[in-house]
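The values are calculated or read from the model by the stated rules, or taken from the named source; none is laboratory data. Remember, it's a predicted structure, so these values are computed and weren't measured experimentally. Cβ sites come from the backbone with ideal geometry, for glycine too, and all protein chains shown count toward neighbours.
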Amino acid sequence: MAFNVRTLHDVHPEDLKLKYNHGKDHGAPYTSPTFPEAPFADSNADLVEYPANCQCGAVTYTLRLPSLATDTVNQCNCSICDRNAYLLVYPPVRDVAFHTGYEGLSAYSFNTKKLVHKFCGTCGSSIFFDMTARGEDEWGMNVRMLTDVDLKAFTYTHYDGRVLMQPPYSIGKPAAS
C-alpha cells in the first residue's frame, strides 16, 4: 500500500530523503494525449506554448508562458500547496486555452474563499487555482501537469506560505469516541 505523506500533519516533504522510482517495472510508459492547436487570438514571440493535461487525459489545455528554461516556478509550503504538490506559474487568464474538460473540473475553496482550486473531477489531478475573485487576472497553474518537461531543470522560488499565509491553517480536533 502506498500512502501520500503530504497528507500527514507536521510532516514536511522537503525534509524527507527521497527515493526515486523510474517506474520501468510497472508496465507500458504513460502516453500524453494529443493536443489541437491552441486557439490564442494573438501571437507573442516572447511566450512559449506548453501543452498540459491531467492524469486521466479528460482535461487538456495549453499555457503560454515565458520560457521555463529562464523563468522561475513558485514552490509554496502552505497547507494546500504542500498537500497537492503544487509547483506554480501565474499566466494571465488569456494565456490559458482549455481544449477539453474545463466543464468537468471540480472546485474547492477554503479560508478567505478568494482562491478557487480546480481539479479534474475524474482523476483528481490539481490543475490550477483561480485568483480572479481577489481582483487578479491570472491563474496559478500547476506545472506538474505540463507534458514532457523535466521538473528538476526548473529554477524555483520558495514561498513560506506555512508562515506567511494568514490566518494560519489549523486542523480541527477529531471527535471523541
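Here are the numbers for this structure:
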read-out	value
Selection from the stretch 103-141 of residues that are assigned to a loop (DSSP other than H, G, I, E, B), in contact with a Leu (Cβ under 7 Å, 6 or more places away or on another chain) and under 21 Å from residue 65 (Cα atoms)	131
Condition broken by residue 111, with the remaining ones in (1) out of contact with any Lys or Arg (no Cβ under 8 Å at 6 or more places or on another chain); (2) free of Cβ contacts under 8 Å to residues at least 40 places away in the same chain; (3) more than 24 Å from residue 42 (Cβ to Cβ) satisfied	(2)
Odd one out for residue 113, checked against (1) more than 22 Å from residue 163 (Cα to Cα); (2) surrounded by fewer than 14 Cβ atoms within 10 Å (Cβ to Cβ)	(1)
Given (1) of a type in the set (A, V, I, L, M); (2) crowded, with 17+ Cβ neighbours inside 10 Å; (3) modelled with pLDDT under 90; (4) part of a loop (DSSP other than H, G, I, E, B), index of the condition residue 68 fails	(3)
Residue within the stretch 92-102 that is out of contact with any helix residue (DSSP H, G or I) (no Cβ under 6 Å at 6 or more places or on another chain), β-branched (Val, Ile, Thr), at pLDDT 95 or above and assigned to a loop (DSSP other than H, G, I, E, B) present	no
Residue among 95, 130, 150, 137 that is acidic (Asp, Glu) and under 13 Å from the mean Cα position of the chain (by Cα)	130
The stretch 142-160: number of residues that are touching a strand residue (DSSP E or B) at 6+ places or on another chain (Cβ under 9 Å) and farther than 17 Å from residue 64 by Cα	7
Subset tally (residues that are exposed (fewer than 12 other Cβ atoms within 10 Å of the Cβ) and of a type in the set (Phe, Trp, Tyr)) for the stretch 120-155	0
Pairs with Cβ under 8 Å, 6+ apart, first in the stretch 25-47 and closer than 14 Å to residue 60 by Cβ, second surrounded by 10 or more Cβ atoms within 10 Å (Cβ to Cβ) and among the hydrophobic types (A, V, I, L, M, F, W, C)	38/97; 39/97
Complete set of residues in the stretch 103-150 that are farther than 15 Å from residue 54 by Cα, hydrophobic (A, V, I, L, M, F, W, C) and modelled with pLDDT under 95	110, 115, 116, 131, 133
